Amino acid sequence: KENGKTILAAVNGDWMSWSNSIGAEVTSNYRVTFSPLALDGEIWCSQMSSVEQLADYFTLCITKDNKILIDKPTVTTKISNLTTGKKTTATGLNRAPVANSLNVYNNRLNDSNYVSTDAYEVVIKADSSSRFVNGQAVTGIVTKIYPAGTVSRDGLSNDTILLTARGSYISKLKDKYSVGDKVSITAEIKCGTNAADWKNCEEAVGGQCLVMKDGKINNDLAAATTEQYPTNIIGYKKDGTVMMTMVTADTNGKYVGLNFKTQIAKFCKEIGYDTCFLFDGGGSTTMVTLDNNGKYVERACYSDGKIRDTWNILALVYDENPAADATPTQNPATPTPTKTATPTKTPTATPTKTP
């Protein structure tokens, strides 16, 4: 409990990947989400780019007025050299620094971008903040430039932003920035449906595998894995009730999860979902709830033998003193829970083996 807020339940969120596991061709590991990630109106990460591993991601959004959206938004990050007038669009924000890409970094997900020495980098000192709030420009001054081949580079700090280009995208930066140049960067999350609501995105956390949308089962599930598998599900009923559901499995075979191809959609329909998608699954499938004695209980069967550290979570929070403008208005088309998406930069969970 903190500042009158109590976490009632939490589940692990988006798929998050070490970049080396998706062939990012970098010198060290870099953690990234599949989907856009936002916290308190700040965009932490854009969606997986086409130069990474293509993923059929979906994202849960909570707007400033407590509307719930589930869709496939995109984050666009635009860079303007205000001194020279040159403009370009990055391939991603805090994405894996893969070959043939131009990424913008602050220190939200990692303390370094762990880039290869073949990258060309522009270092910017932010004027006031390096936070990328939806649609608001971040400005700063170029303080350093690292040409390709530079071995020693500074890490990320609270007031620095890096522009990192590799391969064919080096030409987007090389000879177009000089120390002292004024730069403006804007990140904006957009979606083709409910566009006005997405502009008010306050929290966002994603996953993969849409199960149902407006009561209709996603036919692409027919191509999904035929194995029985544990997972977490997030979505809402037709009346606007939001649910978090955990399907478990364990190592002794008592619980084996559900078959995505033949069972998961039927199960979701039976328990009343109207729209839902899957968070991370497998050994990461975890739910923690607050019991009547004020203690947190891990509701998981540890399908890989122990509970895992997770890098982002979705928490259901009770607020004793909610702001007047945050009072939800129930609407089946825009269900309204009180919860927050909470990314964690460094894993902090202490694993415990409780049957």
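One residue stands out among those in segment 290-322 that are assigned to a loop (DSSP other than H, G, I, E, B) and among the charged types (D, E, K, R): the one that is most open to solvent (accessible area, probe 1.4 Å), which is LYS295.
Can you name every residue in segment 161-175 that is on the phi < 0 side of the Ramachandran plot and surrounded by fewer than 14 Cβ atoms within 10 Å (Cβ to Cβ)?
Of everything in segment 161-175, those that are on the phi < 0 side of the Ramachandran plot and surrounded by fewer than 14 Cβ atoms within 10 Å (Cβ to Cβ) turn out to be SER168, SER171.
Return the total of residues in segment 261-284 being open to solvent by 20 Å² or more (accessible area, probe 1.4 Å) and modelled with pLDDT of 85 or more.
10
All conditions but one from (1) open to solvent by 20 Å² or more (accessible area, probe 1.4 Å); (2) over 19 Å from the mean Cα position of the chain (by Cα) apply to MET287; the one that does not is (2). Taking (1) under 30 Å from TYR177 (Cα atoms); (2) modelled with pLDDT under 95; (3) open to solvent by 20 Å² or more (accessible area, probe 1.4 Å) in turn, ALA96 satisfies each apart from (3).
Restricting attention to segment 234-271, which residues are in a helix (DSSP H, G or I) and among the acidic types (Asp, Glu)?
The answer is GLU270, and nothing else.
The set of residues in segment 204-244 being hydroxyl-bearing (Ser, Thr, Tyr) and open to solvent by less than 20 Å² (accessible area, probe 1.4 Å) consists of THR231, TYR236. Quick check on segment 28-57: of everything there that is in a strand (DSSP E or B) and β-branched (Val, Ile, Thr), which residue is modelled with the lowest pLDDT? That would be VAL32. If I filter segment 191-203 for residues that are surrounded by 13 or more Cβ atoms within 10 Å (Cβ to Cβ), touching a helix residue (DSSP H, G or I) at 6+ places or on another chain (Cβ under 6 Å) and under 19 Å from THR91 (Cα atoms), do I get at least one hit? Among the residues of segment 191-203, at least one is surrounded by 13 or more Cβ atoms within 10 Å (Cβ to Cβ), touching a helix residue (DSSP H, G or I) at 6+ places or on another chain (Cβ under 6 Å) and under 19 Å from THR91 (Cα atoms), which makes the answer yes. Looking at the structure I just gave you, is ALA148 open to solvent by 10 Å² or more (accessible area, probe 1.4 Å) and within 24 Å of the chain's Cα centre (by Cα)? Criteria not met by ALA148.
Between a residue in segment 251-267 that is under 18 Å from ASP280 (Cα atoms) and touching a residue at least 12 places away in the same chain (Cβ under 8 Å) and any residue that is open to solvent by 60 Å² or more (accessible area, probe 1.4 Å) and β-branched (Val, Ile, Thr), which pairs come within a Cβ distance under 7 Å, given they are 6 or more apart or on different chains? Note: pairs meeting the criteria are ASN259/THR226; LYS261/THR226; ALA265/ILE217.
The values are calculated or read from the model by the stated rules, or taken from the named source; none is laboratory data. Because the structure is predicted, anything quoted here is derived from the model rather than measured. When we count neighbours, we look across all protein chains shown, and the Cβ atoms used for this are built from the backbone with ideal geometry, even at glycine. Ligands, DNA and RNA are stripped out before the accessible areas are found, and what is left, the full protein with its side chains, is counted by its heavy atoms. Shrake-Rupley method; radii C 1.70, N 1.55, O 1.52, S 1.80 Å.
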